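Note sheet for the following structure.
FYI, it's all coordinate maths here, none of it is from the lab. Quantities reported herein were computed from a predicted structural model and do not represent experimental measurements. A quick note on method: Cβ atoms are made from the backbone with ideal geometry, for glycine too, and the neighbour counts reach across all protein chains shown.
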Amino acid sequence: MTRPVAVTFAETDLDTLADLEGRVAVLVEESGRLDAGARRVNRLTKGAVARAVESPRFAKLKPGEAITLAWPTGMAAEAVEIVSLPRRPSVAEARKAGARVARGEGALTVLAGNRRNAAELALGAALRAYAFTEHKGEEAPAPGPVTVMVSDPSAAEAAWVPCAARVEGVYLTRDLVSEPANILNTIQFAERLEGLRDAGVEVEVLEEPDLEKLGMGSLLSVGQGSAAPSKVVVMQWKGGAKDAAPLALVGKGVVFDTGGISLKPALGMEDMTMDMGGAAVVSGVMRTVALRKAKANVVGIVGLVENMPSGTAMRPGDVVTSMKGDTIEVINTDAEGRLVLADAMWYAQERFKPAGMIDLATLTGAMIIALGHEKAGVFSNDDKLAAAFLKAAEAEDEGAWRLPMGDAYDELIKSDIADMKNVGGRTAGSITAAQFLGRFVKEETPWIHLDIAGVARVGKDTALAPKGATGWGVLALDRLVADRFED
């Protein structure tokens, strides 16, 4: 796993600033008021900080944006970052400020003074410093350590403990999404998840004979054309009361999706290494709740398959039988993720009787058409659970938007020869996919479906991540666990 950048907190020492190497960041309010650290750097640089703050350019900065002074006079540092940040920044503003100054190379020292959001600032820096370089022949420069100088290091370190766990979860998710399918096949994926035992997670791997015994004909049909065996990995974190029903997180883990017999176009098919993004997010959340020792019971279940065309592959027109017992007419073998989730979700409910269930999947291209790469689609049968998730997502600045469901959409997936068909046509494609999944949700189970097709991996840098895998959902789901499911 990619190791996060090292973060330490130290008491502010103005006498050492002149000798600091690497980069130094000072935080300045929009009013231009300089705190003690910024005033010291201003004196060392013979007024350069004040001149920058008084410039029209500083006035135009948004919270978290910065002006860079390269090789400043009077300091050993190679750069001073002058960051615009309110006195009481929001969580998102603090993280973006940390992320902004983390983009450079070498050691970074942030003069945070007595600001309360120092840990969130460090979290932003750690998330933005991520780089997936596993398969590069030339060793890429590693991000330098981050030192945050604060007035109360002990308080900042205590606040950093859960933040560090969240960084670990996001990094795991990004690593999994970034890996190519010849490296991260179903076997390797399961082996990596077995490594979560080191954090205290109980991990079981269900093999194909186990899945056949359970009647998971829907999930197994997706992988029957691949040489890679289909698997279901069950992860349990038992941090809550012994008898408390868990939150169940269920992830689609299609390690590569050719579309099967309904073959995808060649252009862009290389992106289908990320079609296990839902399973990656579930894995990241499980690592986070375990590392921060969440006082909650959380179950993560991921269905791992590969969708390949071959002489044994599922065909359009086939009828498969789910673990629930419902039959499914396969109209399009490229609508395979819902076939995986149907059995995984039913298994989660049958075995664990969860207090709530959330599935995640890079499920539909229609979701990207609807919401772009800014927000995930949210579908739910429970207004309270949906509202709690949306609140958590907003607090974490992870875009999400609730879309409707209803009987009229359900009509679109009726089949003439089976209990349902796996697609409902081009009309409302994301909604009919959610309606399909809804047929595998028990009436008593509060449920959310998250379609993360547009947010799991993006083609340009974001505030907290470089181009590529984002780790979207780990922060919001961890906050939901803390807000709603912890004792």
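Among residues other than Thr109 whose Cβ falls under 13 Å from its Cβ, what is the net charge (Lys/Arg +1, Asp/Glu -1)? Don't skip to the end; give the middle numbers.
On the way: positive: Arg23, Arg40; negative: Glu11, Asp13, Asp19, Glu21, Glu78, Glu81.
Result for the neighbourhood of Thr109: -4.
Treat the count of other C-beta atoms within 10 Å as a stand-in for reagent exposure and order His449, His135, His373 from fewest to most.
Going from sparsest to densest Cβ surroundings: His135, His373, His449.
Check which residues have an amide H placed less than 5 Å from Arg402's amide H, if you skip close sequence neighbours.
Val378
Looking at segment 7-108, which trypsin sites (Lys or Arg not before Pro) are in a loop (DSSP not H, G, I, E or B) and have at most 10 other Cβ atoms within 10 Å?
Sparse-neighbourhood loop trypsin sites (Lys or Arg not before Pro): Lys60.
For segment 7-152, calculate the relative contact order in percent as a whole number, restricting contacts to Cα pairs under 8 Å that are 6 or more residues apart.
Working: 302 pairs, mean separation 45.7, N = 146.
Value for segment 7-152: 31 percent.
Of Ile331, Tyr347, Ala386, whose Cα points farthest to the positive end of the dipole of the chain (charges on the beta-carbon: +1 Lys, Arg; -1 Asp, Glu; origin at the Cα centre)?
Of the options given, the answer is Ala386.
With viscosity set to 1.306 mPa s at 10 °C, what whole-number translational diffusion coefficient in µm²/s follows for segment 169-485 from Stokes-Einstein and a Kirkwood radius over Cα pairs?
On the way: Rh = 18.9 Å.
For these conditions, the coefficient is 84 µm²/s.
By average Cβ neighbour count within 10 Å, what is the ranking of 321-332, 151-162, 217-228 from highest down? Show your work: numbers first, answer last.
Values: 321-332: 19.1, 151-162: 16.5, 217-228: 23.2.
Most protected by this proxy first, the peptides run 217-228, 321-332, 151-162.
For segment 235-242, just list the computed ³J(HN,Hα) in residue order, Karplus coefficients 6.51, -1.76 and 1.60, θ = phi - 60°, integers in Hz, with x standing in for Gly and Pro.
Result, rounded to whole Hz: 10, 10, 10, 10, x, x, 4, 4.
Cα axis of helix 337-352 to longest principal axis of the chain: angle in degrees, 0 to 90, nearest 10?
Helix 337-352 sits roughly 90 degrees off the main axis of the chain.
Met357's amide H: which non-local residues (gap 5+, or another chain) put their own amide H closer than 5 Å, with H modeled 1.01 Å from N in plane and none for Pro or chain starts?
Hits under the 5 Å cutoff: Ala248, Trp447, Ile448.
Work from the charge dipole of segment 140-226 (Cβ charges, +1 for Lys and Arg, -1 for Asp and Glu, about the Cα centre) and give the residue of Gly169, Leu206, Gly225 farthest towards its positive end.
Working it through, the farthest residue towards the positive pole turns out to be Gly169.
May I ask for the distance between the Cα centers of segment 216-265 and segment 355-381, given as a whole number of Å?
Between the Cα centre of segment 216-265 and that of segment 355-381, the gap is 17 Å.
Each residue of segment 192-201 in turn: what ³J(HN,Hα) in whole Hz from Karplus with 6.51, -1.76, 1.60 and θ = phi - 60°, glycine and Pro shown as x?
Along segment 192-201, the couplings run 5, 6, 4, x, 5, 4, 4, 8, x, 8 Hz.
From the backbone phi of segment 468-484, what are the Karplus-calculated ³J(HN,Hα) couplings (6.51 cos²θ - 1.76 cosθ + 1.60, θ = phi - 60°) in whole Hz, Gly and Pro given as x?
For segment 468-484, the Karplus-derived couplings read x, 5, 9, x, 3, x, 5, 5, 5, 5, 5, 5, 4, 4, 5, 6, 10 Hz, x marking Gly and Pro.
Using the Cα centre of segment 169-485 as the reference point, and only Cβ charges (+1 on K/R, -1 on D/E), how large is the resulting charge dipole? Debye, rounded to the nearest 20.
680
Amide H of Ala79: which non-local residues (sequence gap of 5 or more, or other chain) have their own amide H closer than 5 Å, using H built in the peptide plane?
Excluding prolines and chain starts, which carry no amide H, the hits are Val24, Trp71.
For helix 277-291, report the angle its Cα long axis makes with the longest principal axis of the Cα atoms of the chain; keep it between 0 and 90° and round to the nearest 10°.
60
Please report Glu350, Glu139 as a ranked list, fewest other C-beta atoms within 10 angstrom at the top and most at the bottom.
Ranked by crowding around the Cβ, least crowded first: Glu139, Glu350.
Taking 8 Å as the Cα distance limit and 6 or more residues as the minimum spacing, I'd like the relative contact order of the chain as a percentage.
15 percent.
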